[in-house]
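To keep things clear, I will list the structure first and then write my remarks on it.
Readers should treat all values here as calculations from the given coordinates under stated rules, not as data from a laboratory. Just so you know, these numbers come straight off a predicted model, no measurement behind them. For neighbour counting, all protein chains shown are included, and Cβ atoms are generated from backbone atoms with ideal geometry for every residue, glycine included.
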Amino acid sequence: MKLIEAKNISYKINDRNILNNISFVIDFGELVKISGDNGSGKTTLLKIIIGLTQQTKGELINHNEDKVCFLGHKNNLKNYLSIRENLMIQGLKLDSFNLDLLEKFNLRRHIDNSVGTLSFGQQKKLSLIRVLNSVENILILDEPFVGLDQKSKEFLKDFMEAEVKKNKTIIFTSHIDFKDDYREIQING
Amino acid sequence: MDRDILYIEMYKLFKRRRAWIGPVLVFLLIIISFPLTLDINSDNPPQIYLSFIWISTLLVTMLGTELIFSDDFEDGTLEQYAVNDQLIEVVFYKILVHWVLIGIPLAFVAFLFILSLNISIQISSIALLCLIISNLIFINFFSLGNALSLKKGSILGLLITIPFLIPVLIVLGKMTTSALLGLSLVGHLSLLVGVMILVASFIPFVISFILRTHLE
């Protein structure tokens, strides 16, 4: 069942072509990796998919009507709040699942520290907790592995593969390869 | 409307104490220092004090709304809201929260100052009502200014919005004169309430549109 159909999508800023005639179809329940060099337009394509940016040419048909879980380059965290408070304002409860995640990511002992005191990698892990709790059927993640240590990368990969088996759709940008089946959309800006 | 967003916005602003206590303290400092430059026992007409309060609250609400969107824009929170079509709700609640934590406290601090000036309680109460209403108008316009200049620093957008507030200041001045002369205020008050309703129901949509263009 089709989720997104892109037909000859192009995107241009100030006479500079970012995306050039890209066509693809993404079905529900697929794990899709968007790959390409730096500056090739991966983030722009994600923004077009989620409707934040409008393509300058071509057509994008989105059959999804539900909310999506989106994690962009920025981490959606408030530096002046603690980990506990950041989770709270994201609507997450400190139940055993999230406490386990904090333990796994070595964040539990910092739970009352302000996020501004955490390293980039720790902040990235904290922002991923929202994704790991997501109830949405569509997850769109922009470079989710950047800043993570090897153990956390493996954990996230396993999570993504498990979620796809539950018929969720995950579209992400990355340079990391997966064990199971995934589809790759290669773009060259 | 998602009430969780209201709670979240209230919590975020409340925790950034400098953002809401700061403007109230600045205002307090201004109104404490103002009488030091003027002999309040002399026969200065009350219009001077009230005009001074209108201008001061205008400038302090400008200060208080300086970070209304920039923080959420920089950390990606606005992007998240935009993806799920919740920008309008967020804008509406942000303005409401700034009014509750900055606009209304400013009005009450000004009310205490007006009471201390031997101005009748009736006129002071009308001034309080006017301040509560006008602060919501000011916050809406300054939020618009901040949204306009989100990527370019806040001064330019704020300077653009100040001329829109001059008619509000004129109405407030006319109200002061009418109140002191004992004339009816119904017309002026209705005008102010009308502007408040119009501004509070129209500007959030304009702001959410502007924010969306910034996120593209």
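Computed from the C-beta positions of B:Ile162 and B:Asn84 and an R0 of 35 Å, the FRET efficiency is 0.55 to the nearest 0.05.
If R0 is 30 Å, the Cβ-Cβ spacing of A:Arg109 and A:Lys166 corresponds to a FRET efficiency of close to 0.45.
Is the C-alpha gyration tensor of region A:72-137 telling us rounded, prolate or oblate? Criteria: a/c under 1.5 is rounded; beyond that, a/b larger than b/c is prolate, otherwise oblate. Rounded, since a/c falls under 1.5. Let a ≥ b ≥ c be the square roots of the eigenvalues of the Cα gyration tensor of region A:32-98; is it rounded (a/c under 1.5), or, if not, prolate (a/b larger than b/c) or oblate? Judged from the Cα gyration tensor, region A:32-98 comes out prolate (a/c at least 1.5, a/b above b/c). Applying both filters, DSSP loop and at most 10 other Cβ atoms within 10 Å, to the GluC sites (Glu not before Pro) of region A:7-88 gives A:Glu65. Multiplying the residue separation of B:Leu59 and B:Tyr11 by 0.36 nm and subtracting their alpha-carbon distance yields 14.8 nm.
Across the cross-link table entries A:Lys93/A:Lys124; A:Lys125/B:Lys12; A:Lys42/A:Lys153; A:Lys168/B:Lys12; A:Lys74/B:Lys12; A:Lys78/A:Lys104, which are compared at the Cα atoms, the separations over 26 Å belong to A:Lys168/B:Lys12. Which whole-angstrom value gives the distance between the alpha carbon centres of region B:149-187 and region B:105-126? After rounding, the separation between the Cα centres reads 19 Å.
For region A:101-129 and region A:61-92, compute the distance between their C-alpha centroids and round to whole Å. Using only Cα atoms to place each centre, the spacing works out to 15 Å. Each eigenvalue of the Cα gyration tensor of chain B, multiplied by 5 and square-rooted, gives one semi-axis; in descending order these are 33, 18, 15 Å. Past 31 Å, Cα to Cα: identify those pairs from A:Lys57/A:Lys166; B:Lys15/B:Lys151; A:Lys67/B:Lys94, in the order given. Result: A:Lys57/A:Lys166 exceed 31 Å. Look at A:Ile83, A:Ile176 and count the other Cβ atoms within 10 Å of each Cβ; fewest to most, that gives A:Ile176, A:Ile83. Among B:Ile31, A:Ile13, a tally of other beta-carbon atoms within 10 Å of each Cβ gives an order, fewest to most, of A:Ile13, B:Ile31.
Annotation: aspartates and glutamates with alpha-carbon distance below 19 angstrom to A:Lys165 (same-chain offsets under eight excluded): A:Asp27, A:Glu30, A:Glu136, A:Glu154, A:Asp177, A:Asp180, A:Asp181, A:Glu184. Here chain A is treated as a sphere whose radius is the Kirkwood value from Cα pairs; by Stokes-Einstein at 4 °C and 1.567 mPa s it diffuses with a coefficient of 74 µm²/s. Here's the picture: charge each Lys and Arg Cβ at +1 and each Asp and Glu Cβ at -1 in region B:1-144, and of B:Ile137, B:Leu117, B:Trp20 the one pushed furthest to the positive end of that dipole is B:Leu117.
Here the residues A:Phe28, B:Phe111, ranked from fewest to most Cβ neighbours within 10 Å of their Cβ, fall in the order A:Phe28, B:Phe111. Hey, with R₀ at 45 Å, roughly what FRET efficiency would B:Asp4 and B:Ser184 work out to, going by the Cβ-Cβ distance, to 0.05? With a Förster radius of 45 Å, E is 0.55.
Among the residues of A:78-84, the average count of other protein chain beta-carbon atoms within 10 Å of the residue beta-carbon is 3. Label region B:158-199 by shape, choosing from rounded, prolate and oblate, from the square roots a ≥ b ≥ c of the eigenvalues of the Cα gyration tensor; if a/c is under 1.5 it is rounded, and otherwise prolate applies when a/b is larger than b/c, oblate when it is not. Note, shape of region B:158-199 comes out oblate.
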